[in-house]
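Encoded as structure tokens, the structure appears first; notes follow it.
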Amino acid sequence: MFFSSPQLTTMHWVAILFGGALFVGLTCYSIYDALRRDFGSTNAKLAWVQLSVLVPFFGGLAYLIFGRKRGRKI
């Protein structure tokens, strides 16, 4: 083999899976919430969804901090 990989413990796997689930959950929730809100224009809604998709973790986080306040719930 070209490299050796270390053996991961159960706690390492739990941390990896928890981080992945947090990442996927945050992204999916931000997309879902953006699609359910009215931003005044379709372009603004599309921009928030694109930000959440194209800038994976930080796009969803930015939407939750800044974008939710701009849209109103339908």
If we scan the stretch 39-60, do we find a residue that is at pLDDT below 90, part of a helix (DSSP H, G or I) and surrounded by fewer than 13 Cβ atoms within 10 Å (Cβ to Cβ)? no
Do the conditions hold for Asp33, that is, is it in contact (Cβ under 8 Å) with a residue 12 or more places away in the chain and surrounded by fewer than 15 Cβ atoms within 10 Å (Cβ to Cβ)? no
Under 7 Å between Cβ atoms, at least 6 apart or on separate chains: pull out the pairs that start in the stretch 56-74 with a residue that is of a type in the set (A, V, I, L, M, F, W, C) and end on any residue that is surrounded by 14 or more Cβ atoms within 10 Å (Cβ to Cβ). Phe57/Leu26; Leu61/Leu26; Ala62/Leu51; Leu64/Ser30; Ile74/Arg37
If you scan the stretch 42-74, which residues turn out to be touching a strand residue (DSSP E or B) at 6+ places or on another chain (Cβ under 9 Å) and aliphatic (A, V, I, L, M)? Ile74
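The values are calculated or read from the model by the stated rules, or taken from the named source; none is laboratory data. Values in this document were obtained by computation on a predicted structure and should not be read as measured data. Every residue, glycine as well, gets a Cβ built from its backbone with ideal geometry; the counts of neighbours run over all protein chains shown.
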